[in-house]
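The values are calculated or read from the model by the stated rules, or taken from the named source; none is laboratory data. For clarity, every value in this text was computed on a predicted model and none was experimentally measured. Neighbour counts run over all protein chains shown; Cβ positions are idealised from the backbone, glycine included. All accessible areas refer to the heavy atoms of the entire protein, side chains included, with ligands and DNA or RNA removed. Shrake-Rupley method; radii C 1.70, N 1.55, O 1.52, S 1.80 Å.
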Amino acid sequence: MADPMRIRARIEGDQCVVRVLIGHEMETGQRRDATGRLVPAWFIQRVTATTGGRVVFSASWGPAVSKNPVIQFSYAGAKVGDRIQVTWVDTRGDRRTDEAVVSA
Amino acid sequence: MPDSRRPVWWAALGGLLALALGTASVVAQSAQETAREIERYREAVADSSPGELWEARGEDLWKMPRGPRNVSLERCDLGQGPGVVAGALARLPRWFADADRVMDLETRLLHCMVTLQGLDPAVLRRQPFGNGEQRSDFEALSAWIAAQSRGMTLAPPLDHPAERAAWRLGRELFFVRGGTHDFACTTCHAQSGRRIRLQELPNLSRPEEARRVLGTWPAYRVSQGEMRTLQWRMNDCFRQQRFPDLVFGSEVSVALVSYLLHNASGAALAAPGVRR
(Lines give C-alpha, C1' and ligand atoms only; values in the text may rest on other atoms or scores of the structure.)
Protein backbone atom coordinates (compact mmCIF):
# COMPACT_ATOMS: atom_id res chain seq x y z
CA MET A 1 0.00 0.00 0.00
CA ALA A 2 1.27 3.42 -0.92
CA ASP A 3 2.15 5.90 1.81
CA PRO A 4 -0.30 8.68 2.50
CA MET A 5 0.56 11.96 0.77
CA ARG A 6 1.56 14.91 2.90
CA ILE A 7 -0.56 17.84 1.75
CA ARG A 8 -0.33 21.40 3.02
CA ALA A 9 -2.75 24.07 1.78
CA ARG A 10 -2.39 27.61 3.04
CA ILE A 11 -3.90 30.96 2.08
CA GLU A 12 -1.22 33.45 1.05
CA GLY A 13 -2.65 36.78 -0.14
CA ASP A 14 -5.42 36.01 -2.64
CA GLN A 15 -4.03 32.58 -3.47
CA CYS A 16 -4.12 29.17 -1.84
CA VAL A 17 -0.64 27.64 -1.97
CA VAL A 18 -0.65 23.84 -1.98
CA ARG A 19 2.37 21.62 -1.39
CA VAL A 20 2.14 17.91 -1.91
CA LEU A 21 4.75 15.31 -1.00
CA ILE A 22 4.16 11.92 -2.63
CA GLY A 23 5.88 8.68 -1.67
CA HIS A 24 6.48 6.73 -4.89
CA GLU A 25 9.35 4.75 -6.41
CA MET A 26 8.96 6.45 -9.83
CA GLU A 27 10.95 3.78 -11.67
CA THR A 28 12.03 5.02 -15.08
CA GLY A 29 12.29 1.59 -16.69
CA GLN A 30 15.93 2.28 -17.52
CA ARG A 31 17.57 1.34 -14.26
CA ARG A 32 19.20 -2.06 -13.73
CA ASP A 33 19.13 -3.93 -10.45
CA ALA A 34 22.16 -5.55 -8.75
CA THR A 35 21.84 -8.62 -10.99
CA GLY A 36 21.82 -6.53 -14.17
CA ARG A 37 18.13 -6.97 -14.94
CA LEU A 38 16.13 -3.97 -16.12
CA VAL A 39 13.75 -2.72 -13.41
CA PRO A 40 10.35 -2.31 -15.11
CA ALA A 41 8.93 1.19 -15.49
CA TRP A 42 6.49 2.17 -12.75
CA PHE A 43 5.65 5.79 -12.28
CA ILE A 44 2.79 8.18 -11.59
CA GLN A 45 1.11 9.26 -14.81
CA ARG A 46 -1.60 11.56 -13.60
CA VAL A 47 -2.02 13.93 -10.65
CA THR A 48 -5.24 15.83 -10.06
CA ALA A 49 -6.37 18.18 -7.30
CA THR A 50 -10.00 19.11 -6.79
CA THR A 51 -11.86 21.31 -4.35
CA GLY A 52 -15.64 21.48 -4.17
CA GLY A 53 -15.85 19.44 -7.38
CA ARG A 54 -13.64 21.91 -9.26
CA VAL A 55 -10.31 20.74 -10.73
CA VAL A 56 -7.64 23.25 -9.66
CA PHE A 57 -4.55 21.34 -10.78
CA SER A 58 -3.80 18.47 -13.11
CA ALA A 59 -0.58 17.08 -14.50
CA SER A 60 0.53 14.29 -16.81
CA TRP A 61 3.84 12.84 -15.75
CA GLY A 62 6.46 10.71 -17.45
CA PRO A 63 9.48 8.80 -16.16
CA ALA A 64 11.58 11.96 -15.69
CA VAL A 65 9.94 12.95 -12.41
CA SER A 66 12.02 12.06 -9.33
CA LYS A 67 11.32 9.42 -6.72
CA ASN A 68 9.22 10.77 -3.80
CA PRO A 69 8.27 13.93 -5.70
CA VAL A 70 7.24 17.24 -4.16
CA ILE A 71 4.86 19.52 -6.08
CA GLN A 72 3.60 23.01 -5.41
CA PHE A 73 0.82 24.94 -7.08
CA SER A 74 -1.56 27.74 -6.20
CA TYR A 75 -5.09 28.68 -7.14
CA ALA A 76 -7.48 31.55 -6.50
CA GLY A 77 -10.86 31.57 -4.82
CA ALA A 78 -10.11 29.41 -1.77
CA LYS A 79 -11.21 30.09 1.79
CA VAL A 80 -10.09 28.71 5.14
CA GLY A 81 -11.78 25.38 5.90
CA ASP A 82 -12.15 24.33 2.25
CA ARG A 83 -11.26 20.72 1.56
CA ILE A 84 -8.87 19.84 -1.20
CA GLN A 85 -8.42 16.30 -2.55
CA VAL A 86 -5.31 15.16 -4.42
CA THR A 87 -5.29 11.95 -6.46
CA TRP A 88 -2.54 10.18 -8.31
CA VAL A 89 -2.69 7.21 -10.68
CA ASP A 90 0.39 5.22 -11.70
CA THR A 91 1.33 2.93 -14.59
CA ARG A 92 0.21 -0.14 -12.63
CA GLY A 93 -3.22 1.39 -12.25
CA ASP A 94 -2.66 1.91 -8.52
CA ARG A 95 -4.13 5.11 -7.19
CA ARG A 96 -4.32 7.02 -3.99
CA THR A 97 -6.39 10.00 -2.82
CA ASP A 98 -5.68 12.14 0.23
CA GLU A 99 -7.32 15.24 1.57
CA ALA A 100 -6.28 18.40 3.39
CA VAL A 101 -8.10 21.35 4.88
CA VAL A 102 -7.10 24.85 3.77
CA SER A 103 -5.59 26.82 6.63
CA ALA A 104 -4.82 30.51 7.12
CA MET B 1 72.28 15.12 -28.82
CA PRO B 2 69.97 14.49 -25.94
CA ASP B 3 70.59 17.93 -24.36
CA SER B 4 69.13 19.86 -27.28
CA ARG B 5 65.93 17.87 -27.08
CA ARG B 6 65.32 18.78 -23.46
CA PRO B 7 63.41 22.06 -24.07
CA VAL B 8 60.97 20.20 -26.32
CA TRP B 9 60.29 17.75 -23.53
CA TRP B 10 59.75 20.57 -21.09
CA ALA B 11 57.38 22.34 -23.44
CA ALA B 12 55.39 19.13 -23.94
CA LEU B 13 55.30 18.52 -20.20
CA GLY B 14 54.22 22.11 -19.59
CA GLY B 15 51.40 21.65 -22.08
CA LEU B 16 50.24 18.49 -20.37
CA LEU B 17 50.40 20.22 -17.00
CA ALA B 18 48.34 23.13 -18.28
CA LEU B 19 45.79 20.66 -19.66
CA ALA B 20 45.67 18.80 -16.36
CA LEU B 21 45.27 22.01 -14.39
CA GLY B 22 42.54 23.18 -16.77
CA THR B 23 40.60 19.95 -16.31
CA ALA B 24 41.05 20.14 -12.54
CA SER B 25 39.62 23.64 -12.37
CA VAL B 26 36.62 22.67 -14.52
CA VAL B 27 35.95 19.71 -12.23
CA ALA B 28 36.37 21.88 -9.12
CA GLN B 29 33.96 24.40 -10.57
CA SER B 30 31.28 21.80 -11.30
CA ALA B 31 31.82 20.38 -7.80
CA GLN B 32 30.93 23.80 -6.43
CA GLU B 33 27.94 23.99 -8.74
CA THR B 34 26.74 20.59 -7.54
CA ALA B 35 27.11 21.74 -3.93
CA ARG B 36 25.17 24.92 -4.74
CA GLU B 37 22.39 22.98 -6.48
CA ILE B 38 22.09 20.60 -3.53
CA GLU B 39 21.87 23.64 -1.24
CA ARG B 40 19.12 25.06 -3.46
CA TYR B 41 17.27 21.75 -3.35
CA ARG B 42 17.60 21.69 0.46
CA GLU B 43 16.06 25.14 0.70
CA ALA B 44 13.27 24.22 -1.72
CA VAL B 45 12.24 21.12 0.26
CA ALA B 46 12.94 22.61 3.71
CA ASP B 47 9.31 22.49 4.77
CA SER B 48 8.32 19.39 2.80
CA SER B 49 11.34 17.11 2.60
CA PRO B 50 10.65 13.55 1.41
CA GLY B 51 12.19 12.60 4.77
CA GLU B 52 8.77 13.38 6.26
CA LEU B 53 7.46 10.19 4.69
CA TRP B 54 9.92 8.23 6.83
CA GLU B 55 9.11 10.30 9.91
CA ALA B 56 5.41 9.52 9.52
CA ARG B 57 6.05 5.80 9.13
CA GLY B 58 8.51 5.87 12.04
CA GLU B 59 5.92 7.34 14.38
CA ASP B 60 3.45 4.62 13.38
CA LEU B 61 6.09 1.92 13.91
CA TRP B 62 6.91 3.27 17.38
CA LYS B 63 3.26 3.14 18.48
CA MET B 64 2.16 -0.03 16.70
CA PRO B 65 2.01 -3.32 18.68
CA ARG B 66 4.26 -5.78 16.86
CA GLY B 67 6.29 -8.95 17.16
CA PRO B 68 5.54 -12.21 19.01
CA ARG B 69 4.72 -10.24 22.19
CA ASN B 70 2.46 -7.85 20.31
CA VAL B 71 3.67 -4.73 22.11
CA SER B 72 4.70 -1.32 20.82
CA LEU B 73 8.07 0.35 21.34
CA GLU B 74 6.50 2.91 23.65
CA ARG B 75 8.28 1.33 26.64
CA CYS B 76 11.66 1.47 24.90
CA ASP B 77 14.23 3.40 26.95
CA LEU B 78 16.45 5.45 24.63
CA GLY B 79 18.35 6.82 27.61
CA GLN B 80 15.88 9.41 28.86
CA GLY B 81 13.48 6.92 30.47
CA PRO B 82 10.98 4.44 28.98
CA GLY B 83 9.09 5.94 26.05
CA VAL B 84 10.86 9.33 26.10
CA VAL B 85 11.91 10.30 22.58
CA ALA B 86 12.30 14.08 22.94
CA GLY B 87 15.99 14.88 23.27
CA ALA B 88 17.07 11.21 23.08
CA LEU B 89 19.28 11.67 20.01
CA ALA B 90 21.16 14.55 21.67
CA ARG B 91 22.45 12.17 24.37
CA LEU B 92 23.43 9.15 22.26
CA PRO B 93 25.53 7.01 22.04
CA ARG B 94 25.54 6.12 25.74
CA TRP B 95 26.06 3.20 28.08
CA PHE B 96 22.92 1.25 29.00
CA ALA B 97 22.91 -0.65 32.29
CA ASP B 98 20.34 -3.24 31.10
CA ALA B 99 22.59 -4.32 28.23
CA ASP B 100 25.91 -3.35 29.83
CA ARG B 101 27.19 -1.82 26.61
CA VAL B 102 27.35 1.45 24.71
CA MET B 103 24.67 1.83 22.04
CA ASP B 104 23.86 4.36 19.37
CA LEU B 105 20.28 5.03 18.25
CA GLU B 106 19.89 2.15 15.79
CA THR B 107 21.63 -0.36 18.06
CA ARG B 108 19.30 0.63 20.90
CA LEU B 109 16.27 0.26 18.64
CA LEU B 110 17.46 -3.23 17.69
CA HIS B 111 17.81 -4.03 21.41
CA CYS B 112 14.26 -2.81 22.14
CA MET B 113 12.75 -4.72 19.21
CA VAL B 114 14.37 -7.90 20.51
CA THR B 115 13.84 -7.51 24.27
CA LEU B 116 10.40 -5.82 24.23
CA GLN B 117 8.74 -7.09 21.08
CA GLY B 118 10.45 -10.47 20.90
CA LEU B 119 11.58 -9.99 17.29
CA ASP B 120 14.42 -12.14 15.94
CA PRO B 121 17.71 -10.20 15.84
CA ALA B 122 19.05 -12.31 12.96
CA VAL B 123 16.02 -11.42 10.83
CA LEU B 124 16.21 -7.73 11.82
CA ARG B 125 19.91 -7.56 10.94
CA ARG B 126 19.14 -8.85 7.46
CA GLN B 127 17.22 -5.69 6.57
CA PRO B 128 18.88 -2.76 8.32
CA PHE B 129 18.92 -0.54 5.22
CA GLY B 130 16.00 0.09 2.90
CA ASN B 131 16.05 -0.47 -0.83
CA GLY B 132 13.00 0.79 -2.71
CA GLU B 133 9.97 -1.28 -1.81
CA GLN B 134 11.98 -3.27 0.75
CA ARG B 135 11.92 -0.85 3.61
CA SER B 136 13.92 -0.64 6.77
CA ASP B 137 12.11 -0.02 10.04
CA PHE B 138 15.36 1.36 11.49
CA GLU B 139 15.51 4.17 8.95
CA ALA B 140 11.89 5.18 9.57
CA LEU B 141 12.13 4.97 13.37
CA SER B 142 15.46 6.84 13.43
CA ALA B 143 14.02 9.62 11.26
CA TRP B 144 11.05 10.17 13.55
CA ILE B 145 13.08 9.95 16.75
CA ALA B 146 15.75 12.31 15.38
CA ALA B 147 13.08 14.86 14.50
CA GLN B 148 12.08 14.96 18.18
CA SER B 149 15.52 16.41 19.02
CA ARG B 150 15.52 19.13 16.37
CA GLY B 151 17.05 22.38 17.59
CA MET B 152 18.71 20.72 20.60
CA THR B 153 22.45 20.60 21.19
CA LEU B 154 24.35 17.38 20.57
CA ALA B 155 26.03 16.32 23.84
CA PRO B 156 26.72 12.59 24.04
CA PRO B 157 27.85 11.60 27.55
CA LEU B 158 31.45 10.59 28.27
CA ASP B 159 31.11 9.76 31.96
CA HIS B 160 30.92 5.98 32.09
CA PRO B 161 34.20 4.08 31.52
CA ALA B 162 32.50 2.11 28.72
CA GLU B 163 31.60 5.38 26.96
CA ARG B 164 35.19 6.52 27.16
CA ALA B 165 36.40 3.13 25.93
CA ALA B 166 34.04 3.28 22.93
CA TRP B 167 35.24 6.77 22.06
CA ARG B 168 38.91 5.68 22.33
CA LEU B 169 38.31 2.60 20.17
CA GLY B 170 36.52 4.74 17.60
CA ARG B 171 39.41 7.17 17.48
CA GLU B 172 41.87 4.34 16.95
CA LEU B 173 39.72 2.81 14.22
CA PHE B 174 39.48 6.18 12.50
CA PHE B 175 43.25 6.25 12.00
CA VAL B 176 44.07 2.58 11.45
CA ARG B 177 45.11 1.68 7.91
CA GLY B 178 44.46 -1.67 6.30
CA GLY B 179 42.75 -3.66 3.59
CA THR B 180 43.67 -4.15 -0.05
CA HIS B 181 44.23 -0.39 -0.57
CA ASP B 182 45.84 0.38 2.79
CA PHE B 183 43.09 2.94 3.48
CA ALA B 184 42.03 4.47 6.78
CA CYS B 185 39.07 6.78 7.39
CA THR B 186 41.72 9.49 7.46
CA THR B 187 42.73 8.69 3.87
CA CYS B 188 39.50 10.37 2.80
CA HIS B 189 38.42 12.38 5.84
CA ALA B 190 41.40 14.11 7.45
CA GLN B 191 42.02 17.01 5.09
CA SER B 192 39.86 20.05 4.55
CA GLY B 193 38.60 21.17 1.15
CA ARG B 194 38.96 17.76 -0.50
CA ARG B 195 36.57 15.84 -2.67
CA ILE B 196 36.10 12.54 -4.49
CA ARG B 197 34.78 13.16 -7.99
CA LEU B 198 32.13 15.80 -7.29
CA GLN B 199 31.56 14.88 -3.68
CA GLU B 200 32.93 17.01 -0.87
CA LEU B 201 34.77 15.10 1.84
CA PRO B 202 34.51 16.70 5.26
CA ASN B 203 37.53 16.62 7.56
CA LEU B 204 35.83 14.69 10.32
CA SER B 205 38.65 14.97 12.83
CA ARG B 206 38.05 18.75 13.02
CA PRO B 207 35.20 19.63 15.39
CA GLU B 208 34.02 22.58 13.23
CA GLU B 209 33.57 20.34 10.21
CA ALA B 210 32.21 17.40 12.19
CA ARG B 211 29.60 19.71 13.77
CA ARG B 212 28.56 21.04 10.39
CA VAL B 213 27.62 17.62 9.02
CA LEU B 214 26.89 15.20 11.86
CA GLY B 215 23.99 17.12 13.38
CA THR B 216 21.99 16.35 10.23
CA TRP B 217 22.13 12.53 10.43
CA PRO B 218 20.00 10.52 9.74
CA ALA B 219 19.52 12.19 6.37
CA TYR B 220 17.41 11.78 3.24
CA ARG B 221 19.76 10.81 0.46
CA VAL B 222 18.46 12.33 -2.74
CA SER B 223 20.49 10.16 -5.14
CA GLN B 224 19.02 7.00 -3.60
CA GLY B 225 15.62 8.35 -2.57
CA GLU B 226 16.18 6.75 0.84
CA MET B 227 16.51 7.85 4.45
CA ARG B 228 19.98 6.88 5.64
CA THR B 229 21.30 6.47 9.17
CA LEU B 230 24.85 6.75 10.52
CA GLN B 231 24.99 2.94 10.69
CA TRP B 232 24.43 2.92 6.93
CA ARG B 233 27.09 5.61 6.45
CA MET B 234 29.63 3.59 8.46
CA ASN B 235 28.74 0.46 6.51
CA ASP B 236 29.14 2.20 3.16
CA CYS B 237 32.41 3.90 4.12
CA PHE B 238 33.75 0.52 5.26
CA ARG B 239 32.90 -0.74 1.78
CA GLN B 240 34.63 2.25 0.16
CA GLN B 241 37.59 1.53 2.38
CA ARG B 242 37.61 -2.11 1.14
CA PHE B 243 37.17 -3.33 4.70
CA PRO B 244 35.08 -6.40 5.60
CA ASP B 245 31.30 -6.04 5.91
CA LEU B 246 30.51 -3.96 8.98
CA VAL B 247 28.00 -5.75 11.21
CA PHE B 248 24.96 -3.60 12.02
CA GLY B 249 25.04 -2.51 15.65
CA SER B 250 28.44 -4.10 16.28
CA GLU B 251 30.95 -2.77 18.81
CA VAL B 252 33.09 -1.38 15.98
CA SER B 253 30.19 0.43 14.31
CA VAL B 254 29.11 2.00 17.61
CA ALA B 255 32.71 2.99 18.45
CA LEU B 256 33.07 4.84 15.13
CA VAL B 257 29.75 6.62 15.66
CA SER B 258 30.84 7.53 19.22
CA TYR B 259 34.09 9.05 18.00
CA LEU B 260 32.36 11.05 15.26
CA LEU B 261 29.52 12.32 17.44
CA HIS B 262 31.90 13.34 20.23
CA ASN B 263 33.91 15.32 17.68
CA ALA B 264 30.63 16.98 16.72
CA SER B 265 29.60 17.66 20.32
CA GLY B 266 27.93 21.06 20.55
CA ALA B 267 26.32 20.77 17.11
CA ALA B 268 22.78 22.07 16.71
CA LEU B 269 20.67 19.05 15.77
CA ALA B 270 18.84 19.48 12.48
CA ALA B 271 18.07 15.88 11.55
CA PRO B 272 16.77 14.42 9.37
CA GLY B 273 18.87 16.44 6.93
CA VAL B 274 19.38 16.11 3.19
CA ARG B 275 22.36 14.61 1.35
CA ARG B 276 23.16 14.47 -2.34
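Listing for the model above:
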| item | result |
| --- | --- |
| Elements of type strands (runs of 3 or more DSSP E) contained in the range A:19-104, each with 3 or more residues being more than 16 Å from A:Met5 (Cα to Cα) and either of a type in the set (A, V, I, L, M) or open to solvent by 30 Å² or more (accessible area, probe 1.4 Å) (or both) | A:54-60 |
| Members of the range B:222-259 found to be outside any helix (DSSP H, G or I) and β-branched (Val, Ile, Thr), listed by number | B:Val222, B:Thr229, B:Val247 |
| Selection within the range A:64-81 - under 14 Å from A:Met26 (Cβ atoms), out of contact with any Lys or Arg (no Cβ under 8 Å at 6 or more places or on another chain) and within 14 Å of another protein chain (Cβ to nearest Cβ) | A:Val65, A:Ser66, A:Lys67, A:Asn68, A:Pro69 |
| Residue ranges of helices (runs of 4 or more DSSP H) in the range B:99-167 with at least 1 members open to solvent by less than 10 Å² (accessible area, probe 1.4 Å) and in the same structural domain as B:Glu226 (by TED's automatic domain parsing) | B:105-115, B:137-147 |
| Pairs, first of a type in the set (Phe, Trp, Tyr) in the range B:96-108, second assigned to a strand (DSSP E or B), C-beta under 6 Å, six or more apart | B:Phe96/B:Met103 |
| Residue list for the range A:1-18, filter: open to solvent by 50 Å² or more (accessible area, probe 1.4 Å), within 9 Å of chain B (Cβ to nearest Cβ) and either modelled with pLDDT of 95 or more or not in a strand (DSSP E or B) (or both) | A:Pro4 |
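Residue-wise test of (1) modelled with pLDDT under 95; (2) touching a helix residue (DSSP H, G or I) at 6+ places or on another chain (Cβ under 9 Å); (3) aromatic (Phe, Trp, Tyr); (4) more than 24 Å from B:Gly81 (Cβ to Cβ).
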residue: B:Arg101; (1), (2), (3), (4): no, yes, no, no
residue: B:Val114; (1), (2), (3), (4): no, yes, no, no
residue: B:Arg126; (1), (2), (3), (4): yes, no, no, yes
residue: B:Gly132; (1), (2), (3), (4): yes, no, no, yes
residue: B:Arg135; (1), (2), (3), (4): yes, yes, no, yes
residue: B:Ile145; (1), (2), (3), (4): no, yes, no, no
residue: B:Pro157; (1), (2), (3), (4): no, yes, no, no
residue: B:Arg171; (1), (2), (3), (4): no, yes, no, yes
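Per-residue answers, yes or no, for (1) among the charged types (D, E, K, R); (2) over 16 Å from the mean Cα position of the chain (by Cα):
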| site | (1), (2) |
| --- | --- |
| B:Asp100 | yes, yes |
| B:Glu106 | yes, no |
| B:Arg125 | yes, yes |
| B:Pro161 | no, yes |
